1. How many residues does the stretch 81-109 hold that are on the phi > 0 side of the Ramachandran plot and part of a helix (DSSP H, G or I)?
2. Taking the stretch 398-431 on its own, how many of its residues are among the basic types (Lys, Arg) and modelled with pLDDT under 90?
3. What pairs come up if the first residue lies in the stretch 353-364 and is free of Cβ contacts under 8 Å to residues at least 40 places away in the same chain, the second is open to solvent by 10 Å² or more (accessible area, probe 1.4 Å), and their beta carbons are under 8 Å apart, counting only those six or more places apart or on different chains?
4. Is there a residue in the stretch 117-124 that is among the aliphatic types (A, V, I, L, M) and without any contact (Cβ under 8 Å) to a residue 40 or more places away in the chain?
5. Just for helices (runs of 4 or more DSSP H) wholly inside the stretch 207-320: which have at least 3 residues that are at pLDDT 95 or above and within 15 Å of residue 421 (Cα to Cα)?
6. Return a yes/no flag: does the stretch 381-397 have any residue that is modelled with pLDDT of 65 or more, surrounded by 14 or more Cβ atoms within 10 Å (Cβ to Cβ) and not charged (D, E, K, R).
7. Could you list, ordered by first residue, the pairs with Cβ atoms under 8 Å in which the first is in the stretch 398-410 and within 16 Å of residue 299 (Cβ to Cβ) and the second is part of a loop (DSSP other than H, G, I, E, B), at least 6 apart or interchain?
8. Has the stretch 323-344 got at least one residue that is modelled with pLDDT under 95, out of contact with any helix residue (DSSP H, G or I) (no Cβ under 8 Å at 6 or more places or on another chain) and under 22 Å from residue 180 (Cα atoms)?
Amino acid sequence: RNYIRVRSRMTTAWRGASVLLLGLAAQSNAWTSMPAARAPARSRIVQPTRAQPAMVAFGTAKSPVAVAERAPKQERLYTNPELPKLLGGIRIGTRKLGVITGTSSGLGLAALKALLAEKDYFIVCAVRDPEKMRRIAKEEGLDMGAMEIMKLELGSLKSVRDFVQNLRAFKLTRPLDFLICNAAVYLPKDPKPRFTDDGIEQSLGINHVGHFLLSRLLIDDLKGAKDPRCVIVGSITGNTNTIGGGLVYPRADLGTLRGLKRLAKGERNVPMIDGSNFFGAKAYKDSKVCNMMTMYELHKRYHDSTGIAFSSMYPGCIAETALFREKRQWFRTLFPLFMKYVTGGYVSEEEAGQRLAQCITDEKCKKSGVYWSWNGNAQQLGLRLDKEGRPLGAGGSGGEIFENEVSDDVKDRTKAQVMWDLTSKIVGLQP
């Protein structure tokens, strides 16, 4: 009992410090992420009738209704399509075949290393910049005989379809053993949205829509394998039942999917999925909600008929990941130290990669419709004990894999059904 009292007090103190730092970070990003004021006559924003609420560090705030913005001139993301690579069956041999998106850095690269170390896998690295991936593979000393690099620009629906065709030309009739949807962009400092080649805000288009199309197109390729698995990387920030997702402004909130409905009707350059003004940090969180919703919908629609195990996972806070490259320098310097020595939530890229690889290799992870986490050293709201009386965390280094709970927003089956139908229409597929 004394242990629990002391631990509870420590947890409360750490929690307060954690919320403070995360709140300051969010506030810092908020000022740079919110749209700058413009003269009413030239504005593309429908302003509310009363003054906007003051910005706060925590909780939610309603944004004015936004109309489609005139996208600034930007280069196309998908250029120079590559020719299909042939005779893949000879190279793959008897190894299991998998696809990982975003393997040139961060979690994707760490997972690639972990799976290559198993010596039983052949990995197709789906990346936007094949030359960069080749350079990194050489620098890291990766076994090029156990991998193939293929171009995939998730910000282009044409590129996704080209990739699937090139993959099939490479592997021919061989089934695909697993797909890991990992690649993502995070743009918290952008004052205005960037758009994909299809006119979709990039956080939504790359993180969600591109992976949605990819996973659906590869269903037939996966279902022929003996133990097929599809893992879509989630995030604590998309779950409002966590500190990172629930107490730090802005919170993920899809609203009534007003922006997605407009995209489904053919409108382009809609800034946010909920139809509000662009807010880069929120756009990322919203896309992660869609990722986790997509996993549950795939499980509901395809698991029984195909045997594919669909899952999502949160590997822990990789405080030094390149995903934070858009953050301010003070944050990138202090955040890893804070997560290591105050909250205990720090996870190295190497360990996070091993966790993602575990979702492919572990027999336990054959279970479908699960959001996996690890009960490491991270502190959480309150103190939970397992059956042996050991404290349970919500991340951090070490610990064991367990089935975690997602937020009520992610579990909203009615909204998930609408999201599925609208996204299917956007990518040109039947629901």
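1. Our first condition is that a residue be on the phi > 0 side of the Ramachandran plot; within the stretch 81-109, this holds for 87, 93, 102, 106.
Filter again for part of a helix (DSSP H, G or I), leaving 106.
Final tally of qualifying residues: 1.
2. 0
3. Final answer for the pair search is 362/401; 364/401.
4. Yes, the stretch 117-124 contains at least one residue that is among the aliphatic types (A, V, I, L, M) and without any contact (Cβ under 8 Å) to a residue 40 or more places away in the chain.
5. On the way: elements: 210-217, 219-222, 258-264, 280-306.
Of the helices (runs of 4 or more DSSP H) lying wholly inside the stretch 207-320, those with at least 3 residues that are at pLDDT 95 or above and within 15 Å of residue 421 (Cα to Cα) span 210-217, 258-264, 280-306.
6. Scanning the stretch 381-397, I find at least one residue that is modelled with pLDDT of 65 or more, surrounded by 14 or more Cβ atoms within 10 Å (Cβ to Cβ) and not charged (D, E, K, R), so the answer is yes.
7. Sorted first by the residue in the stretch 398-410, then by its partner, the pairs are 403/367; 404/314; 404/394; 405/241; 406/234; 406/239; 406/241; 410/239.
8. Checking the stretch 323-344: not a single residue is modelled with pLDDT under 95, out of contact with any helix residue (DSSP H, G or I) (no Cβ under 8 Å at 6 or more places or on another chain) and under 22 Å from residue 180 (Cα atoms).
The values are calculated or read from the model by the stated rules, or taken from the named source; none is laboratory data. Note that the structure is predicted; figures quoted are calculated from it, not measured. Here the Cβ is made from the backbone with ideal geometry for all residues, glycine too, and neighbour counts use every protein chain on show. Protein only, heavy atoms only, side chains kept; ligands, DNA and RNA dropped before computing areas. Shrake-Rupley method; radii C 1.70, N 1.55, O 1.52, S 1.80 Å.
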